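Student: Input: one structure, supplied below.
Here, each number is a calculation from the coordinates, and none is a lab measurement. Because the structure is predicted, anything quoted here is derived from the model rather than measured. We place every Cβ from the backbone using ideal geometry, glycine too, and count neighbours over all the protein chains shown.
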Amino acid sequence: MSTRFILLLSVALLHAQTARSETYHVAQRHAAASDGNSGAANAPWKTISKAAEALRPGDTVVIHTGVYREQITPARSGTSEAPISYQAAQGEEVVITGADVITDWQRVKENIWKKEPWPFQFPTHPNNERHRLIGRCEQLIVDGTLLEQVSTREDLVAGSFCADTKADVLYVWLPDGANPNERTVEASVRPMCFGISRGREAKHHVCVRGIIFRYAANTAQRGVLLIRGDNWLVEDCTAEWTNGTGICFRGDNITLRRVRSHHNGQQGMSGSGRDFLLEEVVLDHNNTKDFDKDWEAGGIKITHARNGVVRRCRSVANNGNAFWFDIDVRDVVVERCFCKNNAGHGIYVEISGGFQIRDNLCVHNGTDDKWGYGGISIAESDHCTIEQNTCVLNLAGISIREQGPRAFPGMDGAEVTYRVHDVTIRRNICALNTKYQFGLWWDNVFFGPHPSGGPEGTPFDPDTCNIRLDHNLYWKEGKQRLALWGCPWRSNHSKYDDLVAWQHERGQDTGSLLADPLFVAPKAGDWRIRSDSPARRLPAGPANE
């Protein structure tokens, strides 16, 4: 068979595939909606699940206004030339929910009501003492507001519920003691709204646009939108009020653009894979259930990943870290992002490397007041450049932590070992941070024995690790300190308030300044610098104001 013939056949097959691409419609409110229809605009399907079964490479389903109470699993992949698309109709609100409306409540006594039988059983994760209740998946929503879950019927108070999974009974006490049969009561009954659950074959080349996902009974580390596969594109979507994580992605070439994930029980997002892009993503008010913040909770945690870009994203008021990259994440750019009022670190790189962190604004992070929390923090990581960022009002401006070399299974399964080395910090503004403008939290016997008296590893000298700071602008007021060198609980640490002493003793920041940055309007939250700011002489601070 000739090469020319094979080429012509390939072109013909591609043309045939493209030519058969169809656009279908789902419209549950349409008078004639039925899954027995053709899916045409005037004969739409009733469920998105029907579309998921029918769509083939190149097809698009347009979903019209409605609350869709179903779990959608795409049946097949698209291709690079012909992805499969699920999109909300222009200007219409499409909600996919993991909750169903619950009726036929029976009074137990006074203000307590029950739904029986209640057959839904969900795993608890993590299943340890701290998360015995937090890790459960049940949610009860009354008139759009989540109630508090308690362990037993005896613990019920106004505005709470409990699920007795042994007796298959759901109990509720409404906030005002009302009859739940007279209110809209929903309960989360599905562990996912859209995606590929564990154990199913991954799907590739899928586009999702303009859809709201909410109220899933998902465990921690599982998304209401669960991406498993390569080349997914998610745009203009929202994940909200779900029990576990808003959006999870596991695959290569994943793009999330103009997506918001908020008020989720554990965290806004999680992910892993190669060549990911997060652009104009908003993560706010996540970890409402108070999962362990040192485990995984807050805005976003990405692990085992390569070659990513996080650009123009916002992470605000999360009960945990804002942007967390942990365990063998390499070669990532974080630029022009904003993080504010997060309980943990702002931008946090741990057991990873090869990061370019630039032009970001980090304000008032580390509200939990834990040692080492910074606007930008590097921990046991290498080859990172932190430049032209502004860090203000954080617990610490920029922090480096070293607890000794740490080994974990890496992205490809083999063990990888990380420690701090080759870190450059330049042209940043660190001002008005509560404890330190810069902190080297070196929890190593090099700075003296730990007060606990336990066994420790080999001394590890930070001066041999190629850590370089220069052309930064620092500013402090009152009891705020300039710099820390070594952990405060180890006897040989040093604290600095004088930039000249810091420069002389440490040989760092020889071209840096200690001066008021002259922000435009700090009381109004405008952290741009004025035209006469001394930062402009370095120059320091974001390059794209």
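Student: Take the range 101-188, drop everything but the C-alpha atoms, weight them equally and run the Debye formula without solvent; then report log10 I(q)/I(0) at 0.11, 0.18 Å⁻¹ to two decimals.
Tutor: Results for the range 101-188 at q = 0.11, 0.18 Å⁻¹ read -0.27, -0.73.
Student: Can I ask one more? Any idea what the dipole of the chain comes to, in debye rounded to 20, about its Cα centre with Lys/Arg Cβ at +1 and Asp/Glu Cβ at -1?
Tutor: 680
Student: Along the Cα→Cβ direction, 7 angstrom out, place labels at residue 158 and residue 92. What is the inter-label distance in nm?
Tutor: Here the modelled spin labels are 4.2 nm apart.
Student: Going by average Cβ density within 10 Å per residue, which order do the peptides 22-31, 334-343 take, highest to lowest?
Tutor: Taking the mean over residues of other Cβ atoms within 10 Å, the ranking is 334-343, 22-31.
Student: Cross-link candidates for residue 46: which lysines have Cα within less than 26 Å, leaving aside residues fewer than 8 places away along the same chain?
Tutor: 203
Student: May I ask you to derive the FRET efficiency for residue 464 and residue 516 from their Cβ-Cβ distance with R0 = 45 Å, giving the value to the nearest 0.05?
Tutor: The value I calculate is 0.80.
Student: Per q in 0.11, 0.18 1/Å, what log10 I(q)/I(0) does a Debye calculation on the alpha-carbon atoms of the range 175-276 return?
Tutor: One equal scatterer on each Cα of the range 175-276 leads to -0.34, -0.78.
Student: How far is helix 3-19 tilted, in degrees, relative to the longest principal axis of the Cα atoms in the chain, given as a value from 0 to 90 rounded to the nearest 10?
Tutor: Relative to the chain, helix 3-19 is tipped by roughly 70 degrees.
Student: Let me know the charge dipole size of the range 316-446 about its Cα centre in debye, to the nearest 20, where only the beta-carbon of Lys, Arg (+1) and Asp, Glu (-1) is charged.
Tutor: Magnitude of the dipole: close to 520 debye.
Student: In Å and on Cα atoms, what radius of gyration and Dmax does the range 408-473 show?
Tutor: Just the Cα atoms of the range 408-473 yield Rg and Dmax of 15.9, 43 Å.
Student: Another question, if that's okay. I'd like to know which of 87, 33, 62 lies farthest towards the positive end of the charge dipole of the range 20-89, counting +1 on Cβ of Lys and Arg and -1 on Cβ of Asp and Glu.
Tutor: My answer, from the dipole projection, is 33.
Student: Okay, which of the range 111-140 sit inside 16 Å, backbone N to the point 7 Å along the Cα-Cβ direction of residue 168?
Tutor: Those under the cut-off are 115-122.
Student: Beyond 19 Å, how much of the Cα-Cα pair distribution for the range 20-89 remains, as a whole percent?
Tutor: Value for the range 20-89: 25 percent of Cα pairs lie more than 19 Å apart.
Student: Percentage of Cα-Cα pair distances in the range 360-450 greater than 18 Å, rounded to whole percent?
Tutor: 49
Student: So, one more: Take every Cα-Cα pair in the chain and report what % of them are more than 36 Å apart.
Tutor: Cα-Cα pairs in the chain separated by more than 36 Å: 43 percent.
Student: What lysines sit close enough to residue 114 to cross-link, taking a C-alpha to C-alpha distance under 23 Å and skipping anything fewer than 8 places away on the same chain?
Tutor: 166
Student: Write down the percent of antiparallel bridges among all DSSP beta bridges whose residues are both part of the range 323-429, to the nearest 5.
Tutor: If we restrict to bridges inside the range 323-429, about 10 percent are antiparallel.
Student: Among 397, 199, 210, pick out the residue whose Cα is farthest towards the positive end of the charge dipole of the chain, where Lys and Arg carry +1 and Asp and Glu carry -1 on C-beta, about the Cα centre.
Tutor: Of the listed residues, the answer is 210.
Student: Quote the relative contact order of the chain in percent (integer), defining contacts as alpha-carbon pairs under 8 Å separated by 6+ residues.
Tutor: The value is 7 percent.
Student: Greater than 18 Å separation of Cα atoms is the criterion. Which listed pairs, 293/523; 340/370; 109/289; 301/340; 370/476, meet it?
Tutor: As for pairs spanning more than 18 Å Cα to Cα, those are 293/523; 109/289; 370/476.
Student: Next question, about the same structure. For the chain, what proportion of DSSP beta bridges, expressed in % and rounded to the nearest 5, is antiparallel?
Tutor: If we restrict to bridges inside the chain, about 20 percent are antiparallel.
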